[in-house]
1. Could you please find all residues in region 51-83 being part of a loop (DSSP other than H, G, I, E, B) and of a type outside the set (V, I, T)?
2. Any residue in region 156-174 that's open to solvent by 40 Å² or more (accessible area, probe 1.4 Å): show its pairings with residues that are among the aromatic types (F, W, Y) and within 13 Å of the ligand (Cβ to nearest atom) at Cβ separation under 6 Å, as long as the two are six or more apart or on different chains.
3. Inspect region 103-115 for any residue being surrounded by fewer than 17 Cβ atoms within 10 Å (Cβ to Cβ) and under 16 Å from the mean Cα position of the chain (by Cα) and give the result as yes or no.
4. When both residues are 6+ apart or on different chains and their Cβ atoms are under 7 Å apart, which pairs have a first residue that lies in region 209-234 and is in contact (Cβ under 8 Å) with a residue 24 or more places away in the chain and away from the ligand (no atom under 14 Å from the Cβ), and a second that is of a type outside the set (S, T, Y) and open to solvent by 40 Å² or more (accessible area, probe 1.4 Å)?
5. Does T100 qualify as being within 16 Å of the ligand (Cβ to nearest atom) and closer than 26 Å to V148 by Cα?
6. With respect to N62, is the statement that it is polar (S, T, N, Q), under 17 Å from the mean Cα position of the chain (by Cα) and within 11 Å of the ligand (Cβ to nearest atom) true?
7. Any residue that is closer than 27 Å to A34 by Cα and surrounded by fewer than 20 Cβ atoms within 10 Å (Cβ to Cβ) - is there at least one of those in region 194-205?
8. Residue by residue through region 69-97, note down the ones that are within 16 Å of the ligand (Cβ to nearest atom) and not hydrophobic (A, V, I, L, M, F, W, C).
Amino acid sequence: MARRRMVYEGKAKILYEGPEPDTMVQYFKDDATAFNAEKKDVIEGKGALNNRLSEHFMSGLNTIGVPTHFIKRLNMREQLIRTCEMIPLEVVVRNVAAGTMSTRLGIEEGTPLPRPIIEFYLKDDALSDPIVSEEHIIAFSWASQQDVDDMIALALRVNDFMSGMMLGVGIRLVDFKIEIGRVFDGDFQRLIVADEISPDSCRLWDVETGEKLDKDVFRRDLGSLADAYTEVAKRLGILPKGGNGTGPKLVH
Ligand code: UDP
């Protein structure tokens, strides 16, 4: 079979042309980056874990009627997705203060927020993804007022679904980032959740111990990132819960 045409290569994923119109293949790399790619490493197994985890979250969202780009998983590292026109924003939802919100506003990490707080960041590596307001988004036509309202509604539904699923396995969803795209049915436009949902883009803390089970393990050198993501996958029933090395192993 001829090699597929690459459409885009990002820090953690590659997009290839899909087998049918309006589809693409999303490939999950093992590369980990943080601080706008100033810190880099290759974490064996991360791509396969994020492929499975993103499949789990996105297919769950599809089932409850929150539209996503996910169609099906193809193999250990690839999934078939629906092509969409990406809105150039990162949408962050926060339930507990952490990360840049804590540093920017001087709120101690771990402080529960009075309500979920949504923030928008402009996707622009050269500017280190600056935080932007709704005013900026509309004035500069990155999205319309209707889009902003729809993005907020979508983000809150994702938050409720993900918070519930995580709490069920003893994990607090502290915050997360999603990216949103447009699909067109004739003249009609719809917004769908795109990109990925994985521990690369969430903060996940064990409810009992506060242990971090997300990319902060890499950002802050707290131990093995693959072990943390494996723990999340095991709790969600995606990988067998069995002991060390006795059960089936991820292959690449
Ligand atoms: N996040 C992300 N990609 C980014 C920036 C943030 O996935 O480029 C996620 C991050 O993992 C966290 C949430 O968005 O779950 C909020 O991140 P924050 O603004 O605290 O920035 P960070 O500390 O991650 O740089």
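1. G65, P67, H69, L74, N75, M76, R77
2. From residues that are open to solvent by 40 Å² or more (accessible area, probe 1.4 Å), the pairs are R172/W205.
3. No, region 103-115 has no match at all.
4. Taking only residues 6 or more apart or on different chains, the pairs are A226/E44; A233/R52.
5. yes
6. No; evaluated as a whole, the condition is false for this residue.
7. Within region 194-205, not a single residue is closer than 27 Å to A34 by Cα and surrounded by fewer than 20 Cβ atoms within 10 Å (Cβ to Cβ).
8. P88, E90, R94, N95
The values are calculated or read from the model by the stated rules, or taken from the named source; none is laboratory data. Owing to the predicted nature of the structure, the values given are computational and were not obtained by experimental measurement. All Cβ positions, glycine included, derive from the backbone under ideal geometry; neighbour counts span all protein chains shown. The protein model used for the area step is the full one, side chains on, heavy atoms only, and it has no ligands, DNA or RNA in it. Shrake-Rupley method; radii C 1.70, N 1.55, O 1.52, S 1.80 Å.
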